[in-house]
Amino acid sequence: MTTAPATTPQAAMRLRELVFGAACAAAVRAAARLGVADALGDTPTTVTDLAAALDTEPKPLRRLLRALTCYGVFQETGDDRFEHTEMSRLLREDAPNSLRYISLWCTEPWTWEAWPKLDEAVRSGRNVFPELFGKEFFDYLHSDAGDSAKVFDKAMTTSSRQSAADFAAYLDLTGIDSVVDIGGGQGHVLASLLEKHPALHGTLLDLPKVVVGADPRLRDGGAYAARARLVPGDCRVDIPVRADLYIIKNILEWDDESTRRTLANVVAAARPGARVVVVENLVDDSPSMRFTTAMDLMLMLNVGGAKHSEQSLVRLMEEAGLAVAEVRPVNPYLHAFEATVRG
């Protein structure tokens, strides 16, 4: 008879903490919705004063703050006072790298209904969203959950602005005169590149309703309008643009067939030797794996999509006719796949 190995107290405690992860996420959401980080200034503040500023009851606010301090979000200094930490400052709306709307987006009401269905998604291999809400995710978001759609837009905008700066700093455009950002949203990446490279011309390609809301700097009368072109379209159907460089950033999260169509359309549009840079979060070989694997599971639930491993994305790019030269980190969350169109 074999004897089961002993369980260490640390392992048992860690698992208990993990299964209460919803409490941590809910506490961060509550702090973001209440505006605790915005109300807390640069000096330690009493719970009573904070409660008065937030129009909350002091006792439950104290309990919320104490729970968050266990995770490094806020810090208790004594005398019933709390102060900011590096993480809590990211919940401020005016923080340069604010994660307030990302924190709200990842804890929106629909998520609390979808997560318990993860086992069903794993069994079936299908997203569970239509069964839960009667329609596909984005249809539901824009027709039935207007407040959540606004949070999504703000979360994507702040995230795009932050990563755009990192990507513009990463990208070497030596020998590049023209660039197209495929599925580039409001065009924050393109605007950052045009700002940094005064001789560069660029095209933003995205769905018509997205392009209409492009960064003002790219639209008529904007600072870079003379060097920018806005093209409404669906990259899975056609990419009617020829350029020296094609950028595909954080959009290859659909099913593999949609990804294949997009990459094939790039190859069909580009001249042999054109440069293609695909930028994605990876579920392997990344210091952000806890975050990216969580996003991967959320994509499984809501749209039936998936984040890539380095191997899976290289395989799809090579199958499409791209020669992948290297994979390099842009920041701790993003990797760039440098490729060219085969002749």
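The values are calculated or read from the model by the stated rules, or taken from the named source; none is laboratory data. What you see is a predicted model; the values in this text were computed from it and never measured. Heads up, the Cβs are rebuilt from the backbone with ideal geometry, glycines too, and the neighbour counts pull from every protein chain shown. We work out accessible area using only protein heavy atoms, side chains counted, and drop any ligands, DNA or RNA first. Shrake-Rupley method; radii C 1.70, N 1.55, O 1.52, S 1.80 Å.
Before moving on, here are some points about what is shown:
- Verdict on Ala51 being open to solvent by less than 90 Å² (accessible area, probe 1.4 Å), small (Gly, Ala, Ser), under 23 Å from the mean Cα position of the chain (by Cα) and over 26 Å from Asn331 (Cβ atoms): no
- Here is the figure for segment 289-313: residues that are open to solvent by 40 Å² or more (accessible area, probe 1.4 Å) and closer than 12 Å to Val278 by Cβ total 1.
- Any hit, segment 103-110, residues being at pLDDT 95 or above, under 30 Å from Pro332 (Cβ atoms), over 20 Å from the mean Cα position of the chain (by Cα) and open to solvent by 20 Å² or more (accessible area, probe 1.4 Å): no
- Annotation: Phe137 fulfils all but one of (1) modelled with pLDDT of 95 or more; (2) out of contact with any Ser or Thr (no Cβ under 9 Å at 6 or more places or on another chain); (3) open to solvent by less than 30 Å² (accessible area, probe 1.4 Å); the unmet one is (1).
- Any hit, segment 170-187, residues being free of Cβ contacts under 8 Å to residues at least 24 places away in the same chain, under 22 Å from the mean Cα position of the chain (by Cα) and surrounded by fewer than 18 Cβ atoms within 10 Å (Cβ to Cβ): no
- Conditions (1) open to solvent by 60 Å² or more (accessible area, probe 1.4 Å); (2) farther than 25 Å from Val324 by Cβ; (3) in contact with a helix residue (DSSP H, G or I) (Cβ under 7 Å, 6 or more places away or on another chain); (4) in contact (Cβ under 8 Å) with a residue 24 or more places away in the chain; number of the one not met by Arg236: (2)
- Candidates are the residues of segment 18-38 that are without any contact (Cβ under 8 Å) to a residue 12 or more places away in the chain, part of a helix (DSSP H, G or I) and more than 22 Å from the chain's Cα centre (by Cα); the one that is farthest from Trp112 (Cα to Cα) is Leu18.
- Among the candidates Val231, Val277, residue that is assigned to a strand (DSSP E or B) and over 19 Å from the mean Cα position of the chain (by Cα): Val231
- Matching entry among Leu205, Leu194 (being over 19 Å from Thr340 (Cα atoms) and part of a strand (DSSP E or B)): Leu205
- Checking Arg217, Arg161, Arg227 one by one, the residue that is of a type in the set (Lys, Arg) and in contact with an Asp or Glu (Cβ under 9 Å, 6 or more places away or on another chain) is Arg217 and no other.
- Residue, farthest from the chain's Cα centre (by Cα), within segment 240-254, restricted to residues that are closer than 25 Å to Ser159 by Cα and among the aliphatic types (A, V, I, L, M): Leu245
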